[in-house]
Amino acid sequence: MHAPINRILVVGSCGAGKTCLSFELARITGLPIIHLDQYYWLPNWQELNHDVWGKKVQALCEQPRWIMDGHFSNTLAKRASYADLIIWVDTPRYTCLIRILWRWLKHLFKERPGRAPGCKEKLSWEFIQRIWQFPLKRKPMLLSLLKTLQNNTFIVIVKNKHDKQTLLNFLSSPNH
C-alpha cells in the first residue's frame, strides 16, 4: 500500500471490537475517530430521522481524514466508497455476545467511550437477536459489497488477535 491512508472504515457486528480497534488505530495513525453511534442516536436511544441521517453521513464522509466506527447497513456502501481502507472485524457471534454482556455490566452506571450521549447502556432481546443473526442477515450483504470494492479499496478482515496485531504492526511501520 503506497497511497496515504486518510479514511479508515471499521465495520462488523455489535460487540465485534470495532470501537476498541478504532482507538488503537487512532493512536497509531493520528486520524480522528468518528463513532457513528454518537451521530445516529438521540438521547434515550431515539433514532435520527432517515433523511437527516443520510445528510449527516454524507458530511462525515466528506471530511478529509477519519476512522469511522460503526456498521449501519443502510449507509455502508456510501461510507465504503470514501474509505481508503476497510477493516471488517469478523468476530464469532458467541464472542460478540460475551463482550456485549461484559460491556453492559461494566458500563451499566457510567459512560462508555463511543456511546451516544444520553443513551444509557442497555441489553435487550432485540439487540441479542441482531448480534446472533448478523452472520445470516448482514454478513452476506457485507461480503457482496466488499467484492464490488476489492479492486479499488484496500480491505482487511480481522478474525482474531493475531490478525489485529499484524494490521497494527503494518500500520505502525514507516513504509506502509
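Please go through (1) over 21 Å from L85 (Cβ atoms); (2) surrounded by fewer than 19 Cβ atoms within 10 Å (Cβ to Cβ); (3) modelled with pLDDT under 95; (4) not hydroxyl-bearing (S, T, Y) for M1 and return the number of the only condition it doesn't satisfy.
All conditions pass for M1, except number (1).
Are any residues in region 99-125 exposed (fewer than 13 other Cβ atoms within 10 Å of the Cβ) and touching a residue at least 24 places away in the same chain (Cβ under 8 Å), and if so, which ones?
If the condition is that a residue be exposed (fewer than 13 other Cβ atoms within 10 Å of the Cβ) and touching a residue at least 24 places away in the same chain (Cβ under 8 Å), then P113, P117, G118, K122 are the ones that fit.
Let me confirm something: among I87, I128, which residue is aliphatic (A, V, I, L, M), in contact (Cβ under 8 Å) with a residue 12 or more places away in the chain and not in a helix (DSSP H, G or I)? Spell out how you get there, then give the answer.
Details: I128 fails: not in a helix (DSSP H, G or I).
Step by step, each of I87, I128 is checked, and only I87 is aliphatic (A, V, I, L, M), in contact (Cβ under 8 Å) with a residue 12 or more places away in the chain and not in a helix (DSSP H, G or I).
So which residues in region 1-55 are assigned to a helix (DSSP H, G or I), free of Cβ contacts under 8 Å to residues at least 60 places away in the same chain and small (G, A, S), if there are any at all?
A26, G54, listed by residue number.
Go through (1) surrounded by 19 or more Cβ atoms within 10 Å (Cβ to Cβ); (2) in contact with a helix residue (DSSP H, G or I) (Cβ under 8 Å, 6 or more places away or on another chain) one by one and return the number of the condition W53 breaks.
(1)
Considering (1) at pLDDT 95 or above; (2) of a type in the set (S, T, N, Q); (3) part of a helix (DSSP H, G or I), say which one Q63 fails and leave the rest.
(3)
The values are calculated or read from the model by the stated rules, or taken from the named source; none is laboratory data. As the structure is a computational prediction, the values presented were derived from the model and not from experiment. No Cβ is skipped: glycine too gets one built from the backbone with ideal geometry, and neighbour counts run over all protein chains shown.
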